[in-house]
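All remarks here apply to the structure that follows.
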Amino acid sequence: MIQLEGISKEYRSGRGRVLALSDVTFTFEKNSKVAVFGKSGSGKTTLLYCIGGLERPESGIATCFGVDIHSLSEKALCLFQRKNLGFVFQHGNLFNYLTIFENIAFPLELNGFERKAVVKRVSELLENIGLANAGAALPYELSGGEVQRVSVARAIAHSPLVLLADEPTASLDSDTGRDLVQLMFNMGRDQGCTMIIATHDPDIINLADARLPIQDGKIETEDK
Amino acid sequence: MSFRYLKFWIKTAFLFLSRSARSTAVLSLMVVSAVSVLIFLSALAVGVNDAMIQNSIGLYSGHILGDLLPHSLNTENLKIDGVAGVLKRSLIPGILSNGDSVETIAMVAVDPGAELKHAAIWKKTIMGRYIQNGENSIFLSSTLAKQLDVQTGSILQFNPAISKKLVKLMVSGIYKTEIDYLDQGIAFCPFEILPVKTTTWRAAIFLKKGIDPGQIIRRYRQLLPKSLEFKSWQEMMPALLQLIDLNYVSMGIVMVLVFGVVSIGIACAFVIFIFKNLREYGIMKAMGVTPREIAHLIVIEVIMMNLVASIVGILGGFLAVLITGHTGIDLTYFTSHNRYFVVSGVIFPRLTFYSLCLPPMLAFFFSLVSAIWPAWLIARKKAADILRSI
């Protein structure tokens, strides 16, 4: 379970102080799929980053499976992230200099998995995402949809507790996007992940267990 | 960091570098060229020093001077392992005259055959030829020839200070070395034509290549009476020794300065290289890679890049030294009036352990220093900021 209590975050920029999140309180149930949606600049990504420990809020507490992540030291937070979190980004954000196999293997090796287990797990995941023959390819050799599938596989490779996805279908056409959503939800469910997805995509919003509309950094309503 | 983690980061660094080969090659070029150039320059400095030593000792004095040696001791007694040749010489002071022209000199009685084999003063002949065994001839400097107003073929009279017997000598050759003690008040003649014998003799000992004079002197002290005096060229020519040391110090300063500049270049280029891959580091941070691990990755990348660049640089420098070391670099035009290059101005660059190892070691050290800045920059950057900026 992930609990947010009074999370506020503001940025200082050329436009002055921008309130990205304002007193956000919400509970994400274990193994649920939650769609965070709203207009551009509404604070979706900031919310995801605060949950994932990439941003430190000015106030409020974010508890992730019993751990107040913002009270952790830098090193402890990193170790928590590498073990318990998986990120899917808008453009895949694979490592350009690593092959597809090496990209998916990265979080496993980072978590100290044995080589045999890494090979087995990556091969399974490549099979699951329909890219069994693409292990040796470099990211630039793949289509946008394939890159996103690899990104999902990489995010859940080490069986994290939480999968955070930031507009994973934004750069895909609707059919490819729908397939990706299905794949992500299936794989996440199989792994027992709590999935939090920032999105504009109605498919994701409709398929989610819970919806979290956000506007100007505030939660509008809670809808189950 | 455990061995498995280290292996993982080494592998990641290797893949990052090898799969961005073009950027890596451009970045490495600076180190490669700096290492090659400095290896060559230090080999050249060694070659210059070798040439100065060779010219200075080879002309006349030899590597070791043995003075006041009794006649009971002969040249064979001094020919031990590492000695290439021993020249026997006797110094007889006297007066050299040509009619009314009179000069006080030190006549050096020599074995012309042996001198031709080991010493190079005969190469400085500007008129006539060197003396030969058994002939009543004299080999003198151009200064002395001018003072006495003689030319080759002229007959001179030598009056030894320790004898009343006069000796007539024909000028066989005139030389010029540009070295004061050889160009003034000294002349050479064969041993056998002098009517007097000195009680002691002087040895010019020439060593084989790479033999340390100190080692031979220590051996003489073990084998011969302690009272005998031997001096190495370092003791005989402190100015030359100082010049050689100065040469090494200058080379060291040049190396440090070059690598200081190169390291700033490497640091700047590496910052650009790292910012080019900023996205990768941002993703890593989001995946829970610690700033320390990212710093390790960057340092490993720098080490790897430098190892490869240094090896290529060593090969480049080695090749340049191999070619020029064989043919030599003729700097006669710049050395013809220099006393330390009297015999030959050809420099043969030579690699030593230090000239080969110091440049890559310095490159390695300065590159590590240059990695600190980019590693620090990337480690303190927040993942969210990086991800937002890409």
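When chain B is treated as a Gaussian network with alpha carbon springs shorter than 10 Å, the biggest mean-square fluctuation among B:LEU241, B:LEU362, B:LEU224 belongs to B:LEU224. In terms of the mean number of neighbouring beta-carbon atoms within 10 Å, the peptides B:123-129, B:63-69 order highest first as B:63-69, B:123-129. Legend: mean number of C-beta atoms from other chains within 10 angstrom of residue C-beta atoms, peptide B:276-289, equals 6.
Label-to-label distance for A:GLN182 and B:SER336 is 9.1 nm, based on points extended 7 Å past Cα in the beta-carbon direction.
Calculated on the Cα set of chain B, radius of gyration then Dmax: 31.5, 105 Å. The residues A:ASP166, B:ASP100, when put in order of fewest to most other Cβ atoms within 10 Å, stand as B:ASP100, A:ASP166.
Computed over chain A, the P(r) curve from all C-alpha pair distances, binned at 5 Å from the origin, holds 1, 7, 15, 19, 19, 16, 12, 7, 3, 1, 0 percent per bin. With 25 Å as the limit on Cα-Cα distance, the pairs of A:LYS9/A:LYS75; B:LYS123/B:LYS164; A:LYS75/A:LYS116 that go past it are B:LYS123/B:LYS164; A:LYS75/A:LYS116.
The orientation-averaged shadow of the Cα convex hull for the range B:64-210, equal to a quarter of the hull surface, comes to 8.7 nm².
Cross-linked pairs B:LYS146/B:LYS209; A:LYS44/B:LYS285; B:LYS11/B:LYS276; B:LYS88/B:LYS176: Cα-Cα separations exceed 26 Å for B:LYS146/B:LYS209. If I model the range A:67-140 as equal point scatterers sitting on the Cα atoms and use the Debye formula, what is log10 I(q)/I(0) at q = 0.11 Å⁻¹? Each listed q corresponds, in turn, to -0.34. Against chain B, whose longest principal axis is taken from its Cα atoms, helix B:213-223 shows a tilt of about 50°. From least to most packed, judged by other beta carbons within 10 angstrom and beginning with the fewest, A:LEU125, B:LEU87, B:LEU116 follow the order B:LEU116, B:LEU87, A:LEU125.
Any chance you could tell me what percent of the C-alpha pair distances in the range A:103-178 go past 18 Å? Cα-Cα pairs of the range A:103-178 separated by over 18 Å account for 41 percent. Seen against the Cα atoms of chain B and their longest principal axis, helix B:238-276 is set at about 10 degrees. Each peptide in B:160-166, A:4-10 receives the mean, over its residues, of other Cβ atoms within 10 Å, and ordering these scores from highest gives A:4-10, B:160-166. With R₀ fixed at 35 Å, the C-beta to C-beta distance from B:ASN159 to B:LEU223 puts the FRET efficiency at about 0.35.
Here the simple spin-label model places points 7 Å from the Cα toward Cβ, and for B:ASP212 and B:GLU178 these points are separated by 3.3 nm.
Distance from the alpha carbon centroid of the range B:133-147 to that of the range A:1-16 works out to 101 angstrom.
Between A:ASP201, A:ASP68, A:ASP173, the Gaussian network model of chain A with springs among Cα atoms under 10 angstrom shows the greatest mean-square fluctuation at A:ASP173.
Calculate the translational D of the protein assembly as shown in whole µm² s⁻¹ from Stokes-Einstein, where the hydrodynamic radius comes from the Kirkwood formula applied to all Cα pairs, the temperature is 10 °C and the viscosity 1.306 mPa s. Stokes-Einstein gives a translational diffusion coefficient of 51 µm²/s. Listing B:MET107, A:MET1 from fewest to most neighbouring C-beta atoms within 10 Å gives A:MET1, B:MET107. For chain B, the relative contact order works out to 28 percent when only alpha carbon pairs closer than 8 Å and six or more residues apart are counted. Averaged over the residues of peptide A:48-55, the number of Cβ atoms from other protein chains lying within 10 Å of each residue's Cβ is 4.
Expressed in Å, the radius of gyration and Dmax of the Cα atoms of the range B:219-339 are 25.6, 81. Taking only the Cα atoms of the range B:315-390, the radius of gyration and Dmax are 23.4, 71 Å.
No value in this document is a laboratory result; all are computed from the given coordinates. Worth saying up front: this structure is predicted, and the values here are computed from it rather than measured. As a convention, Cβ positions derive from the backbone with ideal geometry for all residues, glycine included, and neighbour counts pool all protein chains shown.
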